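Structure record follows, encoded as structure tokens.
The values are calculated or read from the model by the stated rules, or taken from the named source; none is laboratory data. On a predicted model such as this, the values are computed, not experimentally measured, just so you know. Please note: Cβ atoms are built from the backbone with ideal geometry, for glycine as well, and neighbour counts cover all protein chains shown.
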Amino acid sequence: MKLIIQPDDGLAPVLKAVRQAKKTIDIVIFRFDRTELEEALEAAVARNVVVRALIAHTNRGGEKTLRKLEMRLLKSGVSVARTADDLPRYHGKMMVVDGALYVFGFNYTKLDIIKSRSFGVMTRDKKLVKEAAALFEADTCRQPYVPSHPRLVVSPETSRVRLSAHQGGRKRPRHRAAGEDDRGHRDATAGGAAPPRPRDGPRRVGRVYRKSEPSQARARRAARGGHHRSGCEDRATNPIGVRV
């Protein structure tokens with residue numbers, strides 16, 4: 001396993017992987033603004049590498065940018081798929097390049113790579129690579145994902161069980177670990193399984209939490225007969241992660 005640390009390593013490890021690819025590149029995108037990576041993907045297509053991109057159906061404030069990216073990648077010969085919308089968001093940042101799996105905590109953006117502290121991992125573990133490929137196929141085809149490897153942690157399917165286990169087996173940890181949520185975001189980390197959910201739309205590697213409402217505010221609302229429901233409250237299912 002290799003650890004990638006931002007901002008120290010920059011985009012170089014990602015570009016190196018794409019530029020050295022010989023057969024296939026599967027890339028999962030949530031946010032993207034690195035022109036050099038887009039050009040590297042286009043160059044890979046030109047040398048007959050099969051390149052597939054799975055792009056989030058939405059992100060906060062950047063949906064139009066995602067749609068424009070889809071069109072540019074399609075024009076360059078990349079096979080493009082869009083996540084479903086069954087989860088509030090698909091937050092994964094992952095690549096499978098030939099026989100290597102890359103899982104990132106950072107987006108393919110200048111802000112995340114140059115101005116933020118973040119991490120990523122690369123592994124050639126065949127079982128983990130196979131499991132990540134199965135996740136990519138399920139989300140690309142909008143089919144249920146059924147976890148089969150305990151060391152690949154995928155939200156929302158296995159994140160709560162695995163992350164709770166790391167906190168001493170407590171069923172209801174006092175603090176949620178970064179990137180772990182049970183309300184419907186897709187994220188992946190090398191590290192658990194939960195029953196598959198119906199898939200109408202995109203799938204995410206991660207989850208989103210709604211801040212708990214102060215008890216006094218709840219009491220006042222209840223007295224008024226009011227009711228509040230957050231956008232992802234009904235979703236049964238986020239930071240990103242692959243645990244190796």
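A few notes on this one:
- Top-ranked residue in region 107-132 [being charged (D, E, K, R) and outside any loop (DSSP other than H, G, I, E, B); ranked as surrounded by the fewest Cβ atoms within 10 Å (Cβ to Cβ)]: LYS126
- Residue tally, condition surrounded by 14 or more Cβ atoms within 10 Å (Cβ to Cβ) and more than 15 Å from PHE32 (Cβ to Cβ), over region 44-76: 4
- The criterion of at least 1 residues that are under 17 Å from TYR102 (Cβ atoms) is met, among helices (runs of 4 or more DSSP H) falling completely within region 1-87, by 12-20, 35-46.
- Of all residues in region 18-36, those that are surrounded by fewer than 20 Cβ atoms within 10 Å (Cβ to Cβ) and not polar (S, T, N, Q) total 6.
- Candidates LEU37, LEU11, LEU69, LEU15, filtered to the one that is touching a Phe, Trp or Tyr at 6+ places or on another chain (Cβ under 7 Å) and closer than 23 Å to ALA132 by Cα: LEU37
- Conditions (1) over 16 Å from the mean Cα position of the chain (by Cα); (2) closer than 23 Å to THR35 by Cβ: number failed by ASP125: (2)
- The set of residues from region 133-173 being in a loop (DSSP other than H, G, I, E, B) and at pLDDT 90 or above comprises CYS141, ARG142, GLN143.
- Check on THR83, buried (at least 23 other Cβ atoms within 10 Å of the Cβ), touching a Leu at 6+ places or on another chain (Cβ under 9 Å) and among the polar types (S, T, N, Q): yes
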